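Below is one structure, written out as structure tokens, with a few remarks after it.
Bear in mind these aren't lab numbers, they're just calculated from the coordinates by the rules spelled out. If you're wondering where the values come from, they're calculated on a predicted model, not measured in any experiment. Ideal geometry is used to build each Cβ from the backbone, glycine not excepted, and the neighbour counts take in all protein chains shown.
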């Protein structure tokens, strides 16, 4: 075996080791994702993909049957504390208990909790937010935003964009107690 063949075998060996290492990382990632999906399913919480698909269907249904719907975003602050690592998941699980079985609670990878309230007008959405606030009153500084069909938009993507924009405005407001942003208003959730 000459030197060039030996170098080629060493390179092939390095390439195979890198590929094996990459595949091992992918397997670990898939295990983590499956574990999270299993935990979500066990708690009755939707993931990001299912929520997006279900929101699109709900908007089409609301349009077809002249109904209302509200989407609520609950942003739970994340910390580096290992004990609070599962706080968004725990919060979503607690909210799942508060809402009707027909309401959809979802947890995004970013830690944001979304709630789809079908057949709910804006004032019913505010009442639901008050229930949310009471349920998670022990969590420091959660933030809320809400968008409704058809008053805010008749498109699912625009509703989600409005939620994010409204959440950004809420983060800029330094106020006492829980606040919610919907429409052009930022209101306290407490009476």
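Look at 70, 148 and count the other Cβ atoms within 10 Å of each Cβ; fewest to most, that gives 148, 70. The residues 122, 91, 102, when put in order of fewest to most other Cβ atoms within 10 Å, stand as 102, 122, 91.
Using R0 = 25 Å, the C-beta based FRET efficiency linking residue 50 and residue 23 works out to 0.35. Placing dummy labels 7 Å off each Cα toward the beta-carbon, the span from residue 64 to residue 15 is 5.3 nm. Under the simplified labelling scheme, the residue 172-residue 138 pair shows an inter-label distance of 3.5 nm, with each label point 7 Å from Cα along Cα→Cβ.
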